[in-house]
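To keep things clear, I will list the structure first and then write my remarks on it.
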Amino acid sequence: MIMKGKKGLIVGLANNKSIAYGIAKACVEQGDEMGFTYLNDALKKRVEPIAKEFGSDKVYKLDVGDEADMDAICALVEKDFGKIDFLVHSVAFTPKEALTEPFMKTSKSAFAIAMDVSVYSLIDLTNRLTPVLTEDASILTLSYLGGPKYIVNYNVMGVAKAALEATVRYMAVDMGSVGRRVNAISAGPIRTLAAAGIGDFKQILNWNEVNSPLKKNVTTEQVGNSAMYLLSDLASCVTGEVHYVDSGYNVMGMAAAQKDEEGKTVLSWDTKK
C-alpha cells in the first residue's frame with residue numbers, strides 16, 4: 001500500500017463531509033496511521049468518532065489562535081508518534097459579516113482574523129511541528145479558485161487564499177532546503193461546513209457543474225485521492241504547487257453557451273433544469 005508505514009496529523013477536520021475527511025479516508029485505505037485535531041468541545045464530539053472509524057485514538061485539542069494549544073501540540077504528537085511524515089492544514093476562518101457584506105466593507109479586524117487563522121497558522125504550525133517532521137515530510141494545505149480569481153461572495157477569504165498560495169511557494173523554498181515539500185490542493189466547490197457560510201453557494205455548485213470540462217462537481221473522495229498522492233512518495237519531487245481538483249473548471253476562460261428554443265444564445269446555467 002502506498003502509505004504503509006506513514007504517520008501524519010490532520011488539522012481542522014470538522015465532520016464526515018469535510019475535505020479533510022476525504023483525505024483521511026484515502027490515506028488510511030493506503031495504510032497510513034494518523035492523528036486528528038479538534039477546535040473545541042462541540043467539535044470534539046464529531047472528531048473522536050471519526051478518528052475511531054479510522055482506527056485512531058490520537059485526538060488533540062488545537063485552536064490555532066490559542067498559544068497554549070499551539071505550544072502543546074508538538075510534545076503531544078511526539079509522545080504518540082515520535083515523528084510524522086505529513087501534515088494536513090485544513091484551517092480557514094473569517095467573521096460571518098466579512099462574507100455577507102461587500103468586500104470593500106471588510107473591517108480591519110476581520111481582515112486580520114482571516115489572514116491569521118487561514119494563512120499564518122500554516123507557517124506557525126509548521127514551525128512548531130518541525131522537531132517531529134521527518135526529513136522528507138510533506139505538508140499540504142487547502143485553497144480555492146477564489147484566491148487567484150474573483151468568486152462571488154467569497155470576499156476576504158479570496159484574499160486569504162491568494163496569500164495562502166503565495167505562502168506555499170515561499171515555504172516550499174525554505175522547507176525544500178531540508179528535503180520537505182509544501183503543496184496546496186485547490187478543490188472545486190463541495191458542500192462542507194465551511195461552504196455553508198458562502199452566499200448563493202448552490203449557484204456556485206451548479207455553475208461549476210455545467211461549465212467545467214468534465215460537467216460534474218468533485219467529491220471529498222476524489223479530492224482525498226489527489227491529496228494522498230501529494231502526501232505520498234509518489235510525489236517526492238513535487239513541491240510549491242497548487243494542484244487543481246475541480247473537474248477542470250479553472251481552465252475555462254468563459255462560460256459555456258448554447259441556443260434556446262427560440263434560437264437565442266444563452267448561458268448553460270440558464271438552460272439547466
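What follows is calculated from the coordinates using simple rules that are stated; it is not laboratory data. Values in this document were obtained by computation on a predicted structure and should not be read as measured data. In this analysis, Cβ positions are derived from the backbone assuming ideal geometry, glycine residues included, and neighbour counts consider all displayed protein chains.
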Euclidean distance of C-alpha centroids, the stretch 10-60 and the stretch 98-159, integer Å
21
May I ask for the Rg/Rh ratio of the stretch 59-106, computed from Cα atoms with Rh as the Kirkwood radius, given to two decimals?
1.19
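How much FRET efficiency would the formula 1/(1 + (r/R0)^6) give for ALA75 and ALA42, where r is the Cβ-Cβ distance and R0 is 25 Å, rounded to 0.05?
Details: r = 25 Å, r/R0 = 1.00.
So, using R0 = 25 Å, E works out to roughly 0.50.
Determine the gain in length on full extension of the stretch VAL238-GLN203; use 0.36 nm per residue of separation and subtract their C-alpha separation, reporting nm with one decimal. Before the final figure, lay out the partial values.
Working: separation 35, 0.36 × 35 = 12.60 nm, distance 3.38 nm.
The VAL238-GLN203 span can extend by a further 9.2 nm.
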Take the chain, connect every pair of alpha-carbon atoms lying under 10 Å apart with a spring to form a Gaussian network, then pick out the residue of ASN208, ASN127, ASN183 with the largest mean-square fluctuation.
ASN127
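What order do you get for TYR150, TYR144 when you list them from fewest to most C-beta neighbours inside 10 Å? Present the calculation step by step, with values, prior to reporting the outcome.
On the way: TYR150 10, TYR144 27.
Neighbour counts put them in this order, fewest first: TYR150, TYR144.
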FRET efficiency for ARG169 and PHE103, using Cβ-Cβ distance with R0 set to 22 Å, rounded to 0.05
0.35
Taking amide H atoms as placed 1.01 Å from N in the peptide plane, list the residues 5 or more away in sequence, or in a different chain, whose amide H sits under 5 Å from that of GLY35.
GLY8, LEU9, ILE10
Taking the convex hull of the alpha carbon atoms in the chain, what volume per residue do you get, in Å³?
135
Of HIS243, HIS89, how do they rank once you tally other Cβ atoms within 10 Å and put the fewest first?
HIS243, HIS89
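Could you tell me the calculated FRET efficiency between MET254 and ASN127, based on Cβ-Cβ distance and R0 = 41 angstrom, to the nearest 0.05? Walk me through the numbers on the way to the answer.
Values: r = 42 Å, r/R0 = 1.03.
Approximately 0.45, to the nearest 0.05.
Please tell me which of these pairs span more than 31 angstrom C-alpha to C-alpha: LYS25/LYS202; LYS79/LYS161; LYS52/LYS215; LYS25/LYS61?
Working: LYS25/LYS202 26 Å; LYS79/LYS161 33 Å; LYS52/LYS215 36 Å; LYS25/LYS61 21 Å.
Beyond 31 Å between Cα atoms: LYS79/LYS161; LYS52/LYS215.
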